[in-house]
Amino acid sequence: SDALGRRVLCGTERATVRYVGGVPPTAGIWLGVEWDDPQRGKHDGTYEGTQYFKCRHPRGGSFIRPNKANFGVDFLTAIKDRYGLNVEQDVQHGTEDTLVFGKKTVEFVGMDSIAEQQRQVQLNQLVDISVRECAVSHAGQKEEISRTCANIRHINLSKNLISSWETVTAIASQVQNLETLNISENKMKFPSTLTSVSSVFSKLRILALNQTEITWTEVLLCAPGWPALEELYLTSNNITVLERPDNVLQTLKLLDLSDNQLLDGNQMHLIAHLPRLEQLILRNTGISSIHFPDAGFGCKTEMFPSLKGLAINDNKISQWSSINELDKLPSLRSLQCHNNPLMDTEKNPETLRQLIIAKIGQLEILNKSEILPAERRGAELDYRKIFGNDWLAAGGNCNPEKNKPSEEFLAAHPRYPSLCLKYGAPEEGELKGRQPLTLKNQLLTLTIKCPERPEQKPVEKKLPESMTIQRVKGLLYRLLKIPGSELKLSYESSKLEGKEVELDNDLKPLQFYSIENGDCVLVRW
């Protein structure tokens, strides 16, 4: 039966038809369905010892009568319903062929055909169409869409009852200039062999296939039909393994594989040669490490030649070596990496941010926050100083002829040599004295007071001495919940009672002002 494999709605619940036929000893035809929500089911397709169909979940299936199943509507019906252009609706309202002037009702002859013409005009003007959750299941009569909606460019068909890629093609084949297509949240069948390439999607630039159960193999089988595709969204599809795209997806600029549990970080290598890929989104993909084995310390990789933005938040990255590796990406400018175990290695988020900035030289935006030149300079100078003693202990030397830091040090700090070139190698005298071995030792314990606001109780805060005044102000806005007025900061030394020093240069770090543990920061606004 043609109902097999179809997507249906039963009330608000969605299911796939897995069986059509009798179920003895009962009379009549039944549909065996597998529910999207297995809680809704009763069994696995077996009834009274006979297996009629199979389910992924042991209780994911039920039998329902055909009249309980909504098999959906065609694309054009959904558009007319959504945009209020359906004839039947107008007739019900009685506005079809009568107009009221004062007390007189005037009847117009031929009003039907005028209304119909107006509807045609309105449909023809639609460019951007959303029929999300409109129970669309099929394309409708051939050529009807192209005759009625000639100007569509963007279609949102998410969360409908589309059961196969063929249906998508049947709709798209009637839309000459289709640029954006969202068919997420439709569980459907995709081709399992290479199909003959047609020009149906020749102008398609953006395609969303989130939650469609597509595999990477199926993506590559369909991809020859997407010659101009620039953005591809494939989130939540149980994609675990990638393979190298061969002469396909070469125009792709953005790829989103979030919420797929990839086998390992090396899966990235298989998509690393997409020549135009600028944005790669790998949120919550289970990645625990990143490595570009083709390039040595301080060198650039041949992989991901155009990659400007990378999102790896919500993963399992726990080693700094993965952050070091990202410096090998030749075009990387923006990184999102919060919610990784690595972030727990430093108590202070400012310190963490500084370390990442110092380790990735070309980065301009970190976790959606711009890195200003002054912040980069401060982070790099601190890094050079903090790890200076380790560099000396590992064989580093101000004299270039004697400078032979160990492989081990270079593996942990691949950018250190370039920081020495940029700012000069650290002198031994500069590193003597109160040398923090780790960034944790740099924290100052300060009391924050608002002398003109007695209702604000003093607060004690630990701040890194390398934190700029600008960042201290940002923290205080949040901490004290101050509206957007201009803050004036100064500090009192615990040693010099009553002497206040203004913190007047936003770009300077706290240490520039010789602030020490136990000092008091005064906030006025």
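The values are calculated or read from the model by the stated rules, or taken from the named source; none is laboratory data. Given the structure is predicted, the values throughout are model-derived calculations rather than measurements. Reconstructed Cβ throughout: ideal geometry from the backbone, glycine too, with neighbour counts over all protein chains shown. Ligands, DNA and RNA are excluded from the accessible area calculation, which covers all protein heavy atoms including side chains. Shrake-Rupley method; radii C 1.70, N 1.55, O 1.52, S 1.80 Å.
Accessible surface for region 213-293, divided over its residues, is 40 Å² per residue with a 1.4 Å probe. Between Lys142 and Lys404, the FRET efficiency from the beta-carbon distance, with R0 = 51 Å, is close to 0.10. The order of Arg384, Arg40, Arg276 by accessible area, most exposed first and with a 1.4 Å probe, is Arg276, Arg40, Arg384.
Overall, the accessible surface of region 169-312 at a probe of 1.4 angstrom is composed of carbon and sulfur to the extent of 47 percent.
State the percentage of accessible surface on region 1-69 attributable to carbon and sulfur atoms; use a 1.4 Å probe and exclude ligands, DNA and RNA. Display every interim value, and only then the final one.
Numbers: 1990 of 3910 Å².
Of the solvent-accessible surface of region 1-69, carbon and sulfur hold 51 percent.
Recomputing percent of Cα pairs over 40 Å apart from the coordinates shown identifies the correct label among (1) 48; (2) 29; (3) 34 as (1). Expressed in units of 2.2 N^0.38 Å, where N is the residue count, the Cα radius of gyration of region 335-412 is 1.25.
What does the accessible area per residue of region 447-525 come to in Å², with a 1.4 Å probe and no ligands, DNA or RNA counted? Walk me through the intermediate numbers first.
Details: 4740 Å² over 79 residues.
Accessible surface, normalised per residue, equals 60 Å².
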